[in-house]
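Here's the structure we're looking at; comments come further down.
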Amino acid sequence: AVACDCLAEISPSDAAPSRTSGDDEIVNTVRTTLELGWGEIACSLPDSAEHLAAVFTGVGSHPTAAPLIDALVGVPLVAGLPDVDDAGRAVLAPAVLGEYTAVLALYGENGFGAVDQDPWSGIAFDESGATGAKTLVRCAAMAGAYVLTGRRDGVPVIAVVPSSAATTVLPLASPDRLARLGVVSFAASPYRVLVSGEAAAAALERVLAA
């Protein structure tokens, strides 16, 4: 994600910001990274709000926090939960340290092809593995692991599944090119339970409130 401390200073304006000649190289660089699917790369941009607005106007896109929302907020919150044992923390520790990207996969689809608002839907955990699918998964194709919500014998579970265990990752069309949303499917995929039961419900509430 492209980030800058002065983003909060940018306000809507009817007048298009003016670019300097040096901005063209920055614009071309950002466009190229977006086209290559590398929009998550942090770019060093000018610290002037007006200058920054001019660059993004030239690019035709605006900054978002993908995949930082999951990687820097959701996953560390899960890893820091008191109910997660040491083995579970060890699985997520490299992701928290940035060695690989772990993303939250919360929502399934209902029978009508729409997003199910129940975050425990979509995935069933049992002795054979994790089976089902999650949709609207941010940065689905670039993830090294997925932190899944689902149920096992009717009990809420939060578990982690390596991306290599996913059966399919299908991209979704979205106006937000940086989110790189996808549908991720699993079939008896190996998983590691991080937290379950009432603790899982409390954990998800904490993550969603972050």
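Summary of computed values
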{"item": "Considering residues of region 129-140 that are open to solvent by less than 20 Å² (accessible area, probe 1.4 Å) and not in a loop (DSSP other than H, G, I, E, B) only, the residue farthest from Gly197 (Cα to Cα)", "result": "Ala140"}
{"item": "Residue satisfying condition, being out of contact with any helix residue (DSSP H, G or I) (no Cβ under 7 Å at 6 or more places or on another chain) and modelled with pLDDT of 95 or more, within set Gly197, Gly150", "result": "Gly150"}
{"item": "Residue within region 141-151 that is over 15 Å from the mean Cα position of the chain (by Cα), open to solvent by 50 Å² or more (accessible area, probe 1.4 Å), within 18 Å of Gly197 (Cα to Cα) and not acidic (Asp, Glu) present", "result": "yes"}
{"item": "Selection status of Pro171, under 15 Å from the mean Cα position of the chain (by Cα), open to solvent by 10 Å² or more (accessible area, probe 1.4 Å) and more than 21 Å from Asp85 (Cβ to Cβ)", "result": "yes"}
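To keep it simple, each residue is scored yes or no on (1) over 19 Å from Val207 (Cα atoms); (2) open to solvent by 40 Å² or more (accessible area, probe 1.4 Å); (3) at pLDDT 90 or above; (4) among the aliphatic types (A, V, I, L, M).
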{"residue": "Gly108", "(1), (2), (3), (4)": "no, no, yes, no"}
{"residue": "Glu127", "(1), (2), (3), (4)": "yes, yes, yes, no"}
{"residue": "Ala166", "(1), (2), (3), (4)": "yes, no, yes, yes"}
{"residue": "Gly182", "(1), (2), (3), (4)": "yes, no, yes, no"}
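The values are calculated or read from the model by the stated rules, or taken from the named source; none is laboratory data. What you are looking at is a predicted structure, and each value in this text was computed from that prediction instead of being measured. Reconstructed Cβ throughout: ideal geometry from the backbone, glycine too, with neighbour counts over all protein chains shown. The accessibility values were calculated without ligands, DNA or RNA, using every heavy atom of the protein model including side chains. Shrake-Rupley method; radii C 1.70, N 1.55, O 1.52, S 1.80 Å.
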